[in-house]
Amino acid sequence: MLNRFGHKTCMILINVPFLVSQIMLFYANSVGTLYVCSMLMGLSVGYSGGPTSAYIGEVCEPKLRGALMSVTNVFYYAGSFLFTLIYAFTLDWRLTVLIGMSIPIVNIVILFMTPQSPMWLLTKGKSLKAQRTLAKLRGWPSQETGSSKEFKEMIAFTSTAVHDNDDIEKDEKGATSSWGQLLRPEVYRPFRLLMVYFFYANLMSGVQYGPYLLQIFTDFGAPVNVEFTLAFSVLLSTIGGILTIFFISKFGKRFLTLSALLICSICYIMIGLIGVYWTNSKPLTAWLVLIFFLTTIFLASFGIMPIAWILLSEIFPMKSRNITCSAGTAFGYLMTFFMIKYYLDFSNFVNFYNTFTIFGISGLFGAVYFYFYLPETENKTLQDISAFFK
């Protein structure tokens, strides 16, 4: 659908099942309806990853791409915090859902005023429209855009998507196929890196603990209101996402990834060791494990999770970007599914606190892997990044 209709149309379509699912959820009176709503929401979330990531990667300047992609995570966390807080005050989930119906409506209105991706327009042979669109995005006079270095680089970059003779794969109709690109080094190498990154981003951000946070905060035993602690944890994620916007261009993705991953791993190991071996000072240990856990939530939203989605938007070549961004999103959510699905079984098998120790040790191995294989992509053009993986 991305290749056929473009990013803007696909991003508008995302909001339709979102809105339908929320209307159904508001009027739901059976468990079956709740499952259907959950399925619609899940399909919408999965559908949104490819178009939004590819769009941001294509329309942003290299020096702003990381920061602006981080903004999407800020809004994600801010939305989670807002509606978690609304529910904490109202304790009425139907009212919370009713308020949430405004979001897809506002999205649709804004997206109708959003320009298409100039790169997508170039792949469709609409160079004049792409030139005007780029001028609108950059605030340039339209007549200057055609001679700009960026527009010339876009033409060169997108030409590989239309006239790539190194690897001509034909489908049944004889048209050039994007699927053949998946076997090329500049595609499968970044895809492999992205899958490893998604795994550790999910692991260190506590995705596997997400649906059970209320129970986990209760098990920690700290004398806190668990509902407001949950809202506070989302607030920390929001703050971490905001800090990413300001610091990613200064420190780069490698430094933020390695430092956050190491500290999160150490915090996880400390939680596991305290929970298993230091059990005779309950008030103190309860506060310690809660602080360590909230620290991992903050750092994961600062230096790991936003960068995973930034990498998704920038490390793939033009010809395969629509497929790889969507496939990367799908596999990322598939990992999330299995982590959440089998967390309880794993926790029952190894003990609750031992899960933190195991995940923390795994994170240390991840830091070693990224030290050797994660390139610095900050402030580099999409052409330079693609060339690195060849």
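The values are calculated or read from the model by the stated rules, or taken from the named source; none is laboratory data. For clarity, every value in this text was computed on a predicted model and none was experimentally measured. Using ideal geometry, Cβ is built from the backbone for each residue, glycine included, and neighbour counts are taken over all protein chains shown. Just the protein is used for accessible areas: all its heavy atoms, side chains included, with ligands, DNA and RNA removed. Shrake-Rupley method; radii C 1.70, N 1.55, O 1.52, S 1.80 Å.
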Result of the Cβ filter at 8 Å on the stretch 224-240, keeping first residues that are within 12 Å of LEU85 (Cα to Cα) and at pLDDT 85 or above and partners that are in a helix (DSSP H, G or I) and open to solvent by less than 30 Å² (accessible area, probe 1.4 Å), at least 6 apart or interchain, is THR229/PHE217; THR229/LEU290; PHE232/LEU294; SER233/LEU213; SER233/LEU294; SER233/ILE297
Quickly run through the stretch 60-87 and pick out the residues that are among the small types (Gly, Ala, Ser) and buried (at least 16 other Cβ atoms within 10 Å of the Cβ). GLY66, ALA67, SER70, ALA78, SER80
Only one of these is aliphatic (A, V, I, L, M), open to solvent by less than 30 Å² (accessible area, probe 1.4 Å), at pLDDT below 90 and within 24 Å of LEU382 (Cα to Cα): ILE56, ILE14. Name it. ILE56
Of all the helices (runs of 4 or more DSSP H) wholly in the stretch 48-157, which have at least 1 residues that are under 25 Å from ILE297 (Cβ atoms)? 62-90, 93-100, 102-112
So which residues in the stretch 109-124 are open to solvent by less than 40 Å² (accessible area, probe 1.4 Å) and either at positive phi or among the hydrophobic types (A, V, I, L, M, F, W, C) (or both), if there are any at all? LEU111, MET119, TRP120, LEU121, LEU122
Residues satisfying the stated conditions in the stretch 2-11, i.e. on the phi > 0 side of the Ramachandran plot and open to solvent by 10 Å² or more (accessible area, probe 1.4 Å): none
So which pairs qualify, if the first residue must be in the stretch 1-26 and without any contact (Cβ under 8 Å) to a residue 24 or more places away in the chain and under 14 Å from THR52 (Cα atoms), the second must be assigned to a helix (DSSP H, G or I) and open to solvent by less than 70 Å² (accessible area, probe 1.4 Å), the Cβ gap must be under 6 Å, and the two must be at least 6 apart or on different chains? MET1/CYS10
For the stretch 184-206, enumerate the residues that are of a type in the set (A, V, I, L, M, F, W, C), more than 22 Å from ASP384 (Cβ to Cβ) and buried (at least 20 other Cβ atoms within 10 Å of the Cβ). PHE198, ALA201, LEU203, MET204
Of all the helices (runs of 4 or more DSSP H) wholly in the stretch 276-390, which have at least 3 residues that are more than 23 Å from LEU214 (Cβ to Cβ)? 305-314, 318-350, 352-373, 382-388
Between residues in the stretch 38-58 that are farther than 15 Å from MET1 by Cα and of a type in the set (A, V, I, L, M) and residues that are in a helix (DSSP H, G or I) and modelled with pLDDT of 85 or more, which pairs lie under 6 Å by C-beta distance while being six or more apart or on different chains? LEU40/PRO17; LEU40/SER21; MET41/SER21
Sort out which residues of the stretch 211-229 are open to solvent by less than 40 Å² (accessible area, probe 1.4 Å), touching a Phe, Trp or Tyr at 6+ places or on another chain (Cβ under 9 Å) and part of a helix (DSSP H, G or I), and write them in order of number. ILE216, PHE217, PHE220, VAL226, THR229
If you take the residues of the stretch 162-183 that are open to solvent by less than 40 Å² (accessible area, probe 1.4 Å) and modelled with pLDDT of 55 or more, which of them is nearest to ILE304 (Cα to Cα)? GLN181
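Of the residues PHE356, PHE316, PHE302, PHE389, only one is buried (at least 17 other Cβ atoms within 10 Å of the Cβ) and touching an Asp or Glu at 6+ places or on another chain (Cβ under 7 Å); which?
PHE389
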Filter result (open to solvent by 40 Å² or more (accessible area, probe 1.4 Å), among the small types (Gly, Ala, Ser) and outside any helix (DSSP H, G or I)) within the stretch 17-45: SER30
